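The values are calculated or read from the model by the stated rules, or taken from the named source; none is laboratory data. All values reported here derive from a predicted model rather than from experimental measurement. So basically every Cβ, Gly included, is an ideal-geometry build from the backbone, and we count neighbours across all protein chains shown.
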């Protein structure tokens with residue numbers, strides 16, 4: 001099982017996101033996602049968050065919130081525990097080139113119209129609704145979302 005972080009840096013009604021288009025083997029290839037990655041040995045969720053945001057964007061977070069724990073289950077990619085964050089303050093200069101993909105500020109009103117995972121639509125909606133800390137389980141078969149469970153209750 002993998003532990004990862006994902007963060008949505010928020011500014012002026014937009015999220016900083018990356019279009020995953022640079023690696024040949026990437027479970028997120030062709031999709032827009034937030035900023036984040038895998039834990040390294042001995043890291044806490046916050047350690048991983050700060051390191052990944054710095055490595056991918058060149059920004060140092062000053063203010064962030066731990067918003068939820070998302071469990072992804074996939075026959076192809078295994079199980080992943082993703083620690084979901086948002087951030088609203090940082091310092092530094094945004095990198096012009098990210099090894100993972102293309103960085104862009106995406107208007108939150110357009111999120112459902114760009115290529116993202118079906119499960120991401122659920123937790124992005126929960127972030128927009130300012131829901132308190134949540135646990136979300138998303139089960140995929142291939143690229144298809146086949147089950148979503150929020151705080152122990154199946155979603156339709």
| Does residue 61 satisfy the criteria of being crowded, with 19+ Cβ neighbours inside 10 Å, free of Cβ contacts under 8 Å to residues at least 60 places away in the same chain and in a strand (DSSP E or B)? | yes
| note | All conditions in (1) surrounded by fewer than 16 Cβ atoms within 10 Å (Cβ to Cβ); (2) over 15 Å from the mean Cα position of the chain (by Cα); (3) more than 23 Å from residue 24 (Cβ to Cβ) are true of residue 97 except (3)
| message | Can you tell me which residue is modelled with the lowest pLDDT among those in segment 92-139 that are part of a strand (DSSP E or B) and under 16 Å from residue 16 (Cβ atoms)? | response | 102
| task | For segment 95-123, enumerate the residues that are in contact with a strand residue (DSSP E or B) (Cβ under 8 Å, 6 or more places away or on another chain), farther than 19 Å from residue 79 by Cα and without any contact (Cβ under 8 Å) to a residue 60 or more places away in the chain. | result | 95
| task | Check residue 40 against each of (1) out of contact with any helix residue (DSSP H, G or I) (no Cβ under 8 Å at 6 or more places or on another chain); (2) assigned to a loop (DSSP other than H, G, I, E, B) and name the one condition it does not meet. | result | (1)
| query | Since residue 79 meets every condition but one in (1) within 22 Å of residue 112 (Cβ to Cβ); (2) assigned to a strand (DSSP E or B), which condition does it not meet? | reply | (1)
